[in-house]
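Everything below concerns the one structure shown next.
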Ligand code: SAH
């Protein structure tokens, strides 16, 4: 018996890996992240598989299901949105599994920040602009370490991918303008890869109003950086001298 932490991808059911999908087809137990994971994926489970929505559970409830699957000697898929390693709270689940003596494996997934850049048809690193991507969030219930305050991360003007923070967009913009400038492009991608996907593109000084007009209040990725200007040098990788 094993627990598989599977990245379900950003929404589009075809964006799960083949490995993750094959595991889903055989899992008698599944704990899935309701609302963020595409529930169409659950139809791949064997008929009669036990399904649990993690958005209605705490770690103790999940532990009970892990124990039940162990007693039944059946594999369990723990289906996370995007990639399980990013804001997935998987480390505490793995600690529980270690304590219970249950084996586990992680199957990576397509994170929403790469799904958002695909929706934007945008490379996140461009020669002469930036070679660094920062994945971060604003403080919510989870506190932010002081040294990771957005103003500090912004000082070197990398491409920023900001998760879990759309409701703090006006505060984000205020922090970023001194570093990136009023005209720096920013994009908000709501529900990347879902049929309801929406893209709002603007500059730092105008984005907040446009996002409010679209009534986007959750499940959105904020991407900020001069890469969105599309002014850049050719890559060295595919330069004529490299061949
Ligand atoms: N592990 C996930 C992130 C979970 S945290 C991943 O790798 O994508 C949840 C946050 O991810 C949301 O608040 C939102 O910021 C982002 N998110 C998840 N799915 C998204 C999607 N389809 N489009 C845009 N943002 C998404």
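Neighbour counts of other C-beta atoms within 10 Å: give me 16, 135, 186 arranged from fewest to most.
Placing the least packed residue first, the sequence is 135, 16, 186.
Label residue 125 and residue 50 with points 7 Å out from Cα along Cα→Cβ: what is the distance between them in nm?
4.4
Only Cα pairs within less than 10 Å get springs; with that Gaussian network setup on the chain, which residue of 116, 192, 155 has the largest fluctuation?
Result: 155 has the largest fluctuation of those listed.
Taking the Cβ-Cβ separation of residue 237 and residue 135 as r and a Förster radius of 30 Å, what is the calculated FRET efficiency to the nearest 0.05?
0.80
How much length would be gained if the chain were fully extended between residue 103 and residue 205, taking 0.36 nm per residue of separation minus their Cα-Cα distance, in nm to one decimal?
31.7 nm
Taking 51 Å as R0, compute the FRET efficiency from the Cβ-Cβ separation of residue 194 and residue 71 and round it to 0.05.
E(calc), rounded to 0.05, equals 0.90.
Express the relative contact order of segment 2-107 as a whole percentage, based on alpha carbon pairs under 8 Å and six or more residues apart in sequence.
About 44 percent, as a whole number.
If each DSSP helix of 4+ residues adds -39,500 (n - 2.57) and the sum is divided by the residues in the chain, what number results at 222 nm, nearest 500 deg cm²/dmol?
The helix-only estimate for the chain comes to -7500 deg cm²/dmol at 222 nm.
So what does the Cα-only Debye profile of the chain read at q = 0.17 Å⁻¹, as log10 I(q)/I(0), no solvent term?
Treating every Cα as an identical point scatterer, log10 I(q)/I(0) equals -1.19.
Please check: in the Gaussian network model of the chain (C-alpha springs, under 10 Å), which one of 205, 43, 54 has the largest mean-square fluctuation.
Looking only at 205, 43, 54, the biggest GNM fluctuation is shown by 43.
Would you mind checking the tilt of helix 169-180 against the longest principal axis of the Cα atoms of the chain, expressed as 0 to 90 degrees and rounded to 10?
50
Values in this text are rule-based calculations from the coordinates and carry no lab data. Remember, predicted model here, so these are calculated numbers, not experimental data. Neighbour counts are summed over all protein chains in view; Cβ atoms, including those assigned to glycine, are modelled from backbone coordinates with ideal geometry.
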